[in-house]
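Below: one structure, written as structure tokens.
Laboratory data are not the source of any read-out in this text; all were calculated from the coordinates shown. Quick caveat: nothing in here was measured; it's all calculated off a predicted structure. Methodologically, a virtual Cβ is constructed for each residue, glycine included, from the backbone with ideal geometry; neighbour enumeration extends over all protein chains shown.
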């Protein structure tokens with residue numbers, strides 16, 4: 001049974017490793033296993049919350065100290081951020097937040113920092129009004145995003161950037177995808193409500209049900225029978241935009257972890273799907289998801305920019321390209337993106353997307369469609385990418401995307417990360433992640 005102070009120690013360790021370039025999804029799960037099941041949710045809350053508000057907490061810490069801690073003491077720096085997060089963003093009693101955070105210095109083997117941590121956290125309590133004032137004066141502190149990202153989003157979406165930045169700082173809802181081969185969404189919704197799990201059916205994604213509060217999958221009715229999966233509302237739109245018919249052959253490129261692959265197969269019984277990804281480890285997740293749902297796909301490991309290494313030779317009726325991207329539409333689910341992503345990444349990713357588009361377009365049959373998707377809000381990766389592709393691809397034509405969701409960019413639809421008042425009246429119906437969709441058809445030669 002882990003002591004509370006060790007939870008704070010592990011939280012500081014996770015944040016330090018993320019600061020050094022590791023992803024939260026790779027760092028957190030192994031460290032959670034060091035704790036009892038009872039303490040694992042607290043560790044996740046402290047880590048996700050501190051990373052979500054990292055730039056604000058960091059600005060506050062700089063304000064409260066005369067000089068920054070040395071590089072070798074980054075774990076203490078991050079422990080203090082964990083303490084500040086508890087004080088100002090959780091219901092943990094202040095005396096417990098401070099006491100347990102101070103005690104963590106001992107379990108870290110750095111008892112010398114005990115007085116420092118205690119003094120800074122108590123000073124933060126006393127100077128609450130000053131900290132709030134700093135939030136008003138500094139955009140980095142106020143929005144809790146790096147300056148370059150604030151400026152980039154503001155330039156791209158001058159009317160919507162406040163809602164986008166605010167949405168990025170909100171914990172995301174848990175949304176389910178109902179497998180209509182097993183049960184219809186209204187009937188599954190009734191099962192949830194009967195089990196006292198508050199939920200609402202989506203207004204834009206036919207198979208989506210959003211829970212009023214997160215739940216362990218083991219507590220979801222019929223989960224292990226394959227009746228339901230966890231998938232964001234915006235992500236569920238992909239499979240509904242591909243109008244497959246029986247006998248169609250479909251490529252799902254960059255498919256891992258397989259949510260869209262499985263959704264395609266749930267909606268279309270008599271199709272074949274090649275599920276391609278370059279990451280063999282992540283393809284294991286695809287196989288696991290297919291197995292749980294009782295579905296079959298041809299799982300291929302290969303580089304989408306080099307079809308010669310994996311293309312079976314039969315052209316595709318439809319291609320879903322879930323392109324590698326900056327992930328700037330899913331920051332609320334992956335707050336470490338704010339620390340890991342760099343300005344130069346956007347152009348580098350756009351180049352890869354362009355290479356993939358050029359490589360897989362020849363694999364599409366005349367009359368076939370390609371759905372381009374990203375979980376990004378960056379124009380360079382989205383509508384500007386498609387505008388460039390169409391201008392250099394004579395046999396590609398844009399198709400309209402129906403549905404009362406998203407913002408029409410002229411080259412596809414952009415969804416902003418769900419927030420009650422973002423993106424105007426049309427986008428308000430979505431509580432999903434930030435996504436971009438563009439649908440193109442290949443003309444006959």
Quarter of the surface of the C-alpha convex hull for the range 108-165, i.e. direction-averaged projected area in nm², equals 5.8 nm²
Contour minus Cα-Cα distance for residue 128 and residue 184 (0.36 nm per residue)
15.1 nm
Tell me the label-point distance for the pair residue 358, residue 147, using the 7 Å Cα-to-Cβ offset, in nm and rounded to one decimal.
3.6 nm
D for the range 175-230, whole µm²/s, Stokes-Einstein with Kirkwood Rh over alpha-carbon pairs at 20 °C and 1.002 mPa s: what number?
196 µm²/s
Return the Cα extents of the range 110-237 along principal axes one, two and three, sorted largest first, each rounded to a whole Å.
57, 44, 25
List 138, 391 from most exposed to least, where exposure is judged by having the fewest other Cβ atoms within 10 Å.
391, 138
Sticking to Cα atoms, compute the Rg of the chain to one decimal and its Dmax as the biggest Cα-Cα distance, whole number, in Å.
23.3, 75
Among 63, 435, 416, determine the one that fluctuates most according to a GNM of the chain built with springs between C-alpha atoms less than 10 Å apart.
63
Would you mind getting the Kirkwood hydrodynamic radius of the range 4-142 from its Cα pairs, rounded to one decimal in Å?
15.0 Å
So if we plug the beta-carbon distance of residue 365 and residue 37 into 1/(1 + (r/R0)^6) with R0 = 35 Å, what FRET efficiency do we get, rounded to 0.05?
0.10
Springs between alpha-carbon atoms under 10 Å, Gaussian network over the chain: tell me which of 94, 162, 312 tops the mean-square fluctuations.
312
If I build a Gaussian network model for the chain, linking alpha-carbon pairs within less than 10 angstrom, which residue out of 245, 72, 135 has the largest mean-square fluctuation?
72
Full extension from residue 73 to residue 230: what is 0.36 nm times the residue separation minus their Cα-Cα distance, to one decimal in nm?
52.6 nm
Which stretch or stretches of the range 342-356 have amide N atoms under 11 Å from the point lying 7 Å from residue 401's Cα along the Cα→Cβ direction?
none
